[in-house]
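The values are calculated or read from the model by the stated rules, or taken from the named source; none is laboratory data. Keep in mind that what you see is a predicted model, and the values were worked out from it rather than measured. No Cβ is skipped: glycine too gets one built from the backbone with ideal geometry, and neighbour counts run over all protein chains shown. Calculation scope for accessible area: heavy atoms of the full protein, side chains included, ligands and nucleic acids excluded. Shrake-Rupley method; radii C 1.70, N 1.55, O 1.52, S 1.80 Å.
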Amino acid sequence: SDDAAEAMAPLATCSRLTHLLVGGNAWSMQQLSAILRSGVSVSALGLEGLGDRCFGAESSCVPLISAMTNLTNLRLDGFNDDAAEAVLSRCCTGLTCLSLKGAAELKQLPGSMSRLSRITSLNVDGCIEMYSLPMWLKTFTSLTHLSHNDCNIQYPPKPYLEDVVKMRRFMVEAARDAKPWRRLKVVFLGNGRSGK
């Protein structure tokens, strides 16, 4: 409610507050903006389940993320592609832990995440629509922990996903030996005379 958002504001302005976990609530964009505006010094921020409601294209919450220069730990559990991209594009590059757990609609890691190379821990558990990891992860030399339970990731192959160092090595080798495909086979299926 508005009363709850107003009650949280003084707490969020506390200079000693390091963790602000507001996910899982029914905040509106205005309510969440009031809380985020006053919590610029936090290092851990939890926004689980608020992606669709508070982080659309015209969200007033997105610019407030860029003001959080101490932010190192971010939870975007349940976010969709657009909401995750909007938030990660504004994050400071000091982010070390990122959770996208349960983001069932997330098809790939947001492109803006490629500049966040200090990430040490990445959680994509339950991202059932994600079938591959991007090649730019090979440059994430700080990454030591990748959690991918209940995912359908096919690339890199499963044996390489169990060890982050092996995964990066596989991606480096794959990029070095990669050659563009000049030909590929295409098969069109359908009823005869249907205008394929």
Tell me the accessible surface of R176 in square angstrom (1.4 angstrom probe, heavy atoms of protein chains only), to the nearest ten. 150 Å²
Whole number please: convex hull volume per residue of the Cα set in the chain, in Å³? 159 Å³
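Kindly state, to the nearest 0.05, the FRET efficiency for V172 paired with A67, given R0 = 30 Å and r defined as their beta-carbon distance.
It comes out at approximately 0.25.
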Could you give the distance between the Cα centres of region 159-191 and region 56-101, to the whole Å? 29 Å
Rounded to 10°, Cα long-axis angle of helix 29-38 versus longest principal axis of the chain: 70 degrees
Under 17 Å Cα to Cα from K158, which lysines show up? Leave out anything in the same chain fewer than 8 places away. K138, K166
Accessible-area order (highest first, 1.4 angstrom probe) of the listed residues E48, E162, E105, E129: E162, E105, E129, E48
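So what's region 119-196 giving for Rg/Rh, alpha carbon basis, Kirkwood Rh from the mean inverse pair distance?
Values: Rg = 17.2 Å, Rh = 14.8 Å.
Result for region 119-196 is an Rg/Rh of 1.16.
Quote to one decimal, in nm, the extra length available between M135 and C97 on full extension: 0.36 nm per residue of separation minus the C-alpha distance between them. If you can, show how the numbers build up before the last one.
Values: separation 38, 0.36 × 38 = 13.68 nm, distance 1.94 nm.
Full extension from M135 to C97 adds 11.7 nm.
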CD proxy, 222 nm, the chain: helix-only mean residue ellipticity via -39,500 (n - 2.57) per DSSP H run with n ≥ 4, per residue, nearest 500, stands at -7500 deg cm²/dmol
Rounded tilt (10° steps) of 164-176 against the dominant C-alpha axis of the chain: 50 degrees
